[in-house]
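Below you'll find the structure, written out as structure tokens, and then a few comments.
Please treat every number below as a calculation from the coordinates, not as lab data. Please read all numbers here as calculations on a predicted model, not as lab measurements. Glycine also receives a Cβ, built like all others from the backbone with ideal geometry; neighbour counts cover every protein chain displayed.
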Amino acid sequence: MRRKLVEAAQAAREGAYAPYSGFTVGAAVEASSGAIYSGCNVENASYGLTICAERMAVFKAVSAGEREITALAVVSGPGVTPCGACRQVLAEFAPRPEEVTIVVVSGQGEERCYTLGELLPASFSGEELGLLSHGMVGHEREVEEGV
Ligand SMILES: [Zn+2]
């Protein structure tokens, strides 16, 4: 599965739109269903509107109905870890961050492995708001499935 995830991220990088930085990134996430969703960075002349490859992949997964991310692969020239914003977005859909594998891949194919728990320790979540817990997300699923 890890090989497939890395290959999806490498393929997604081909679609990156990075005319300003020239820094192309591809990402792919594996959801708890086993499905893989990929994304690339898309820049904008209004720089702040740029979206990272990792968040695009997560949002595509969520828009397809997924609610739990189990792994991420991200490919870039030097092989960089996800930015803070992307780590936070991943945490929203990672009830067990210490079990979420993050594979960082360079353009030359060198790989480093982390977990989301390592990259975003003591993270903030909906549980702190008292409004959403991963348990409630599970409850939604039970209601939909009639459990
Ligand atoms: Zn990011």
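Nearest 10 degrees is fine. How inclined is helix 134-145 to the longest principal axis of the chain, computing both from alpha carbons?
70 degrees
Take every DSSP beta bridge with both residues inside the chain and express the antiparallel ones as a percent of the total, to the nearest 5. Before the final figure, lay out each step's value.
On the way: 18 of 25 bridges.
Roughly 70 percent of the beta bridges in the chain run antiparallel, per DSSP.
Explain nothing, just compute: Karplus ³J(HN,Hα) = 6.51 cos²θ - 1.76 cosθ + 1.60, θ = phi - 60°, for every residue of segment 93-105 in order, whole Hz, x for Gly and Pro.
10, 9, x, 10, x, 6, 9, 8, 7, 10, 9, 9, 10
Provide the gained length on full extension for the span Ala45 to Ser33, in nm with one decimal, where the gain is 0.36 nm per separating residue minus the Cα-Cα distance. All intermediate terms of the calculation are to be shown ahead of the outcome.
Working: separation 12, 0.36 × 12 = 4.32 nm, distance 3.63 nm.
My answer for the length gained is 0.7 nm.
As a check on your grasp of the helix formula, calculate [θ] at 222 nm for the chain: sum -39500 (n - 2.57) over DSSP H runs of n ≥ 4, divide by the residue count, round to the nearest 500. Please list the in-between numbers first.
Numbers: 6 runs with 52 residues, N = 147.
Value at 222 nm, helices only, nearest 500: -10000 deg cm²/dmol.
Once the Cβ-Cβ distance between Glu99 and Ser125 is put in as r, and R0 is 22 Å, what FRET efficiency do you end up with, to the nearest 0.05? Present the calculation step by step, with values, prior to reporting the outcome.
Numbers: r = 15 Å, r/R0 = 0.69.
Taking R0 as 22 Å, the efficiency between Glu99 and Ser125 is 0.90.
How big is the charge dipole of segment 2-121 about its Cα centre, in debye rounded to the nearest 20, if each Lys and Arg gets +1 on its Cβ and each Asp and Glu gets -1 on its Cβ?
Details: 10 positive and 13 negative charges, 21 e Å.
The calculated dipole for segment 2-121 is roughly 100 debye.
If amide hydrogens are placed 1.01 Å from N in the peptide plane, which non-local residues have theirs closer than 5 Å to the one on Val100?
For Val100, whose amide H was placed from the backbone, the distant partners under 5 Å are Leu116, Gly117.
Could you list Glu30, Glu127 in order of exposure, starting from the residue whose Cβ has the fewest other Cβ atoms within 10 Å? Spell out each step's value before the answer.
Values: Glu30 25, Glu127 13.
Taking fewest neighbouring Cβ atoms as first place, the list is Glu127, Glu30.
Quick one: Kirkwood hydrodynamic radius for segment 14-118, alpha-carbon pairs, angstrom, one decimal?
13.6 Å
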